Amino acid sequence: MMKMMKRCVPAVLLCLLLLTACSEPPGEGGTMPGGTMPGGTMPGGTMPGGIEPVLMMDGALYRWVRLNGTGVPLETKGGLILPTYLPQGYEAAGDLGPVTEDPPEADLQMQAGFDASGVVFTNPDRPLVVYVHLTTDWLEDAYVRFESEELGHHLVCWDGRLFQIPIGYSQTVEELPEGCVSIGTLQYVGDDVLPENDLECNGMGDSYGHTLTGREVLQDPADPDTLYVFETQYWREGSYPAWEVCRPWAPGTSPYPAE
């Protein structure tokens, strides 16, 4: 049953919780209840309570990423609804708790600046992502996506290494180094996994929301540490071809260029 979200929800709260669209459709076996967000405040644009939620599961830490939904509240006659869902393949691992302001020390514990209750869901085929069916005093009956720090985004596998497409950081060039050759096109493998085969990518879209599947990738044989992914850049004056500069990635790697 769809739940209702009051219209008074602060815009900054929605922006933080709905950072991106859903990772994959509910599909067979998925569920889609509605998440209710009955108002609340978010001083300074941070999470309620001022602490970024961190969950421990199987001895690893997972950080709150977003509500797992459509990314856009839906307008109905009764008000706004915020649909969230649990992807297929996930099963309950246990009740959430305790929730404290201290770093978690055991499985199912969560660090946060607010009280919460819920159930944690895991999928052995997707160990880098867990979901919590969460209820707080400002969020009710919603599925929240938590990700391991081992999961990077917009990664491309090539020759046994992972490269990151710096989506949103404008690391583009208009001219390629002399000698660059095409090595193929990208194939999307989902955003819950790390790519394992050449030219697989775990990012769905580019900076403009256009699909990355089928996007040409080039490399300078003299520079094995750089890939170039084609992207059309758009400005008020029009558009022009450019290439995203992709560097090797490892957990903790910043997408910003080194100084």
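In nanometres, what is the gap between the two model label sites at residue 117 and residue 100, each 7 Å from Cα along Cα-to-Cβ?
My value for the distance between the label points is 2.0 nm.
Excluding residue 253 itself, calculate the net charge of residues whose Cβ lies under 14 Å from the Cβ of residue 253, where each Lys or Arg counts +1 and each Asp or Glu counts -1. Can you show the working numbers first?
Numbers: positive: 161, 247; negative: 149, 150, 225.
Local charge sum for residue 253: -1.
Quick one: Cα centre-to-centre distance for region 100-146 and region 195-211, in angstrom?
27
Send over a whole-number figure in Å² for the accessible area per residue of region 68-207, probe 1.4 Å.
Numbers: 6450 Å² over 140 residues.
Spelled out: the 1.4 Å probe surface of region 68-207, per residue, equals 46 Å².
Taking the Cβ of residue 199 as the centre, find all other residues whose Cβ is under 15 Å away and add up their charges (Lys, Arg: +1; Asp, Glu: -1).
-4
Modelling each spin label as a point 7 Å along the Cα-to-Cβ direction, I'd like the residue 181/residue 52 distance in nm, to one decimal.
For residue 181 paired with residue 52, the spin-label model returns 4.2 nm.
Going 7 Å from the Cα of residue 137 along its beta-carbon direction, which residues of region 79-111 have the amide nitrogen within less than 16 Å of the resulting point?
Those under the cut-off are 99-101.
Kindly write out, for region 203-209 in residue order, the coupling ³J(HN,Hα) from the Karplus curve 6.51 cos²θ - 1.76 cosθ + 1.60 (θ = phi - 60°), rounded to whole Hz, with x marking Gly and Pro.
The phi angles translate into x, 7, x, 8, 5, 9, x Hz.
Using a basic spin-label model with each label point 7 Å from the Cα along Cα→Cβ, how many nm lie between residue 223 and residue 240?
1.8
Using modelled backbone amide H atoms (1.01 Å from N, in-plane), which distant-in-sequence or interchain residues come within less than 5 Å of residue 212's amide H?
205, 206
Once you have the Kirkwood Rh of region 152-256 from its Cα pairs, apply Stokes-Einstein at 10 °C and 1.306 mPa s and quote D in µm²/s. Provide the component values of the computation, followed by the final result.
Values: Rh = 13.7 Å.
Roughly 116 µm²/s, to the nearest whole number.
What does the charge add up to near residue 211, with Lys and Arg as +1, Asp and Glu as -1, over the other residues with Cβ less than 14 Å from its Cβ?
On the way: positive: 215; negative: 191, 206, 216, 231.
Net of charged neighbours comes to -3.
The values are calculated or read from the model by the stated rules, or taken from the named source; none is laboratory data. Just so you know, these numbers come straight off a predicted model, no measurement behind them. Here the Cβ is made from the backbone with ideal geometry for all residues, glycine too, and neighbour counts use every protein chain on show. To get the accessible areas, we keep the full protein, side chains included, count just its heavy atoms, and leave off ligands, DNA and RNA. Shrake-Rupley method; radii C 1.70, N 1.55, O 1.52, S 1.80 Å.
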